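Trainee: Dumping the structure here so I can ask a few things about it.
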Amino acid sequence: MHERIPHGAKAAAEILRELLDAQAHNAACWTPKAAVARLSLPPDGTVKGHARTEARMLKFYTAGESHGQALFAYISGLPAQLPIDLKFINTELHRRQLGYGRGGRQKIEQDRAEIFAGVRHGNTIGAPIALRIENRDWANWEKILPVEPSEDDPGARKLVAPRPGHADLAGSLKFNYHDARYVLERASARETAARVAAGAFAKILLQEFGTEIASHTLQVGNIRLERPATWKDIRAVSADLDSPLRCTDAATQDKMKTEVDAVLKANDTVGGVFEIVAHNVPPGLGSHAQWDEKLDGRLAQALMSVQAVKAVEIGEGVSIAAAHGSDVQDEIFYDKAVHRFRRFSNRAGGLEGGITNGEDLVMRGYLKPISTLRKPLHTANMVTKEPVEAAYERSDWCVVPAGAVAGEAMVALVLADAFLQKFGGDSLAETRRNFDGYVRQINEF
Ligand SMILES: Cc1cc2nc3c(=O)[nH]c(=O)nc-3n(C[C@H](O)[C@H](O)[C@H](O)COP(=O)(O)O)c2cc1C
């Protein structure tokens, strides 16, 4: 929607455009593309609605159902000439499939990304990227969920006993199906495979500039890691493909495993908390200026969108609510050796006023226990309205490490977007030039 702006405002818009153009050309840290995109001021003096959407530099979408042919991801906005390591993307997909407490589906699938567009000779070309992850389970569902109209009984895998805690009932009411099958097919966290593949591209961009993202398991049920984990520990356990729950402390992990075993035996499920750390993030990503530009809010929304995440914490956000102001702020000093302002602590989790402050970004996702239970829950049949037991579909019973990998992907996508909003660039060399100019500015501050 283009909305006409009044005469005075148009003059202001023109002045702003001139200022932006001058800034874009003069300042090493902003490209014209980034600057104009931020304000979305087209030449006719109109402004567009949905400013943040318009200003978004890195866009991504996913498509695909849990038991359909494949999952798809579409990523647009990465600079050209970014080297893409397919092995890294597939390792990320593998990490998402791991974790103690997963159901039989992970044995069927061996997720691999196939890139169809936007990457040639191993590099991005500035065109949209399209990728596909095949669902091997499709072979078992081809007759049940065909694309074409079919003679076979479409009701063969109807789900009329909606599972509490799932999108089953809410989605069926919304889309007017007396069968939750289509809703659950898309609501399923199988979709996070496509997000993880998209997130791997974002990670690749961020890694070019020294920013890394890793995660670990902080809590499973009531079993919590009590000692602080260092970046080195988190980075190591995050990449450890043999670690059952990706907890940095072996004794705590053993207790977590016992808890996962206990819930399986009781036909129950368990939730927990994962922590994601983004290391070596430049200060100045995000903005305090508008509510929807605040990076803490954008990260919280992205993490909250991961299936089963019911709360998000930035830094020590939850515990500091009960403390006094004098106890919780991260006091500042200047480290002459590295030309940087530093903190004695990082309770803010690297974000102040919605802007990165140069400390590690620390975010936590709180996962509810998985809702599909072997122990029947009460529900109502969507057709007969009679009380029945909720449906059971093959299911995980603990997904904290897998949820963390999906969370890492979302954090990477939001950070890469904020990064490109700040530094812009149509080619990697251009982005790097802008980034280096900003680093110089910070060093000389
Ligand atoms: C990696 C991952 C795997 C999941 N696996 C399952 C599963 O096997 N069974 C299940 O009932 N829910 C599973 N979930 C959670 C559901 O997808 C989620 O609870 C459901 O779609 C409803 O969304 P909501 O909990 O965000 O409201 C999983 C979540 C994640 C992050």
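Trainee: Out of curiosity, is residue 406 crowded, with 21+ Cβ neighbours inside 10 Å, under 24 Å from residue 59 (Cβ atoms) and either away from the ligand (no atom under 16 Å from the Cβ) or without any contact (Cβ under 8 Å) to a residue 40 or more places away in the chain (or both)?
Mentor: Details: crowded, with 21+ Cβ neighbours inside 10 Å: yes; under 24 Å from residue 59 (Cβ atoms): yes; either away from the ligand (no atom under 16 Å from the Cβ) or without any contact (Cβ under 8 Å) to a residue 40 or more places away in the chain (or both): no.
In short, no.
Trainee: Residues of the stretch 183-214 being touching a Lys or Arg at 6+ places or on another chain (Cβ under 7 Å) and within 15 Å of the ligand (Cβ to nearest atom), which ones?
Mentor: Correct list: 192, 193, 196.
Trainee: Additional query: Looking only at the stretch 356-403, how many residues end up being more than 11 Å from the ligand (Cβ to nearest atom) and in a helix (DSSP H, G or I)?
Mentor: 0
Trainee: Another question, then. If only one of 343, 347 is at pLDDT 95 or above, under 18 Å from residue 442 (Cβ atoms), surrounded by fewer than 23 Cβ atoms within 10 Å (Cβ to Cβ) and of a type in the set (Lys, Arg), which one is it? Quick ask: steps written out before the conclusion?
Mentor: Details: 347 fails: under 18 Å from residue 442 (Cβ atoms).
Result of the check over 343, 347: 343.
Trainee: Looking at this structure, is residue 441 in contact with a helix residue (DSSP H, G or I) (Cβ under 7 Å, 6 or more places away or on another chain), more than 9 Å from the ligand (Cβ to nearest atom), more than 30 Å from residue 229 (Cβ to Cβ) and not charged (D, E, K, R)? If you could, list the steps in order and put the result at the bottom.
Mentor: Values: in contact with a helix residue (DSSP H, G or I) (Cβ under 7 Å, 6 or more places away or on another chain): no; more than 9 Å from the ligand (Cβ to nearest atom): yes; more than 30 Å from residue 229 (Cβ to Cβ): yes; not charged (D, E, K, R): yes.
The answer is no for residue 441.
Trainee: Considering only residues that are of a type in the set (Lys, Arg) and within 13 Å of the ligand (Cβ to nearest atom), look in the stretch 81-106 and name the one that is nearest to residue 258 (Cα to Cα).
Mentor: Here is the first cut: in the stretch 81-106, the ones of a type in the set (Lys, Arg) are 87, 95-96, 102, 105.
Within this subset, residues satisfying the condition of being within 13 Å of the ligand (Cβ to nearest atom) are 95-96, 102, 105.
Working: 95: 22, 96: 21, 102: 15, 105: 22 Å.
My answer is 102.
Trainee: Okay, moving on. Residue under question is residue 147, and the condition is that it be surrounded by 13 or more Cβ atoms within 10 Å (Cβ to Cβ) and not in a strand (DSSP E or B); does it hold? Don't jump to the end; show me each part of the working.
Mentor: Details: surrounded by 13 or more Cβ atoms within 10 Å (Cβ to Cβ): no; not in a strand (DSSP E or B): yes.
Against the criterion (surrounded by 13 or more Cβ atoms within 10 Å (Cβ to Cβ) and not in a strand (DSSP E or B)), residue 147 does not qualify.
Trainee: List, please: which pairs have Cβ atoms under 7 Å, are six or more places apart or on different chains, and start with a residue in the stretch 198-218 that is in the same structural domain as residue 228 (by TED's automatic domain parsing) and end with one that is of a type in the set (Asp, Glu) and part of a strand (DSSP E or B)?
Mentor: Going by the 7 Å Cβ cut-off, the qualifying pairs are 215/275; 216/275; 218/275.
Trainee: Something else: Name every residue in the stretch 260-270 that is of a type outside the set (A, V, I, L, M, F, W, C) and crowded, with 20+ Cβ neighbours inside 10 Å, in order of residue number.
Mentor: Just the residues of the stretch 260-270 that are of a type outside the set (A, V, I, L, M, F, W, C), to begin with: 261, 265, 267-269.
Scanning the stretch 260-270 gives a single hit, 269.
Trainee: Another question, then. Only one of (1) in a loop (DSSP other than H, G, I, E, B); (2) out of contact with any Gly (no Cβ under 9 Å at 6 or more places or on another chain) fails for residue 93. Which number is that?
Mentor: (1)
Trainee: Please determine whether any residue of the stretch 362-379 is in contact (Cβ under 8 Å) with a residue 24 or more places away in the chain, under 30 Å from residue 331 (Cβ atoms) and of a type in the set (A, V, I, L, M, F, W, C).
Mentor: Looking for residues that are in contact (Cβ under 8 Å) with a residue 24 or more places away in the chain, under 30 Å from residue 331 (Cβ atoms) and of a type in the set (A, V, I, L, M, F, W, C), one finds at least one in the stretch 362-379, hence yes.
Trainee: So, one more: For residue 255, are the conditions met, namely being outside any loop (DSSP other than H, G, I, E, B), more than 15 Å from the ligand (Cβ to nearest atom) and over 27 Å from residue 299 (Cα atoms)?
Mentor: Numbers: outside any loop (DSSP other than H, G, I, E, B): yes; more than 15 Å from the ligand (Cβ to nearest atom): yes; over 27 Å from residue 299 (Cα atoms): yes.
Against the criterion (outside any loop (DSSP other than H, G, I, E, B), more than 15 Å from the ligand (Cβ to nearest atom) and over 27 Å from residue 299 (Cα atoms)), residue 255 qualifies.
Trainee: In the list 301, 307, 290, which residue meets the criterion of being of a type in the set (S, T, N, Q), more than 16 Å from the ligand (Cβ to nearest atom) and either in the same structural domain as residue 229 (by TED's automatic domain parsing) or buried (at least 18 other Cβ atoms within 10 Å of the Cβ) (or both)?
Mentor: On the way: 301 fails: more than 16 Å from the ligand (Cβ to nearest atom); 307 fails: more than 16 Å from the ligand (Cβ to nearest atom).
Every option except 290 fails the conditions.
Trainee: Sticking with this one: Which ones in the stretch 277-328 are among the aliphatic types (A, V, I, L, M), in a helix (DSSP H, G or I) and over 14 Å from the mean Cα position of the chain (by Cα)? Full working, then the answer.
Mentor: Quick first cut of the stretch 277-328, residues among the aliphatic types (A, V, I, L, M) only: 277-278, 281, 285, 289, 295, 299-300, 302-304, 306, 308-309, 311-312, 314, 318, 320-323, 328.
Adding the requirement that they be in a helix (DSSP H, G or I) leaves 295, 299-300, 302-304, 320-322, 328.
Those that are among the aliphatic types (A, V, I, L, M), in a helix (DSSP H, G or I) and over 14 Å from the mean Cα position of the chain (by Cα): 320, 321, 322, 328.
The values are calculated or read from the model by the stated rules, or taken from the named source; none is laboratory data. Values in this document were obtained by computation on a predicted structure and should not be read as measured data. Ideal geometry is used to build each Cβ from the backbone, glycine not excepted, and the neighbour counts take in all protein chains shown.
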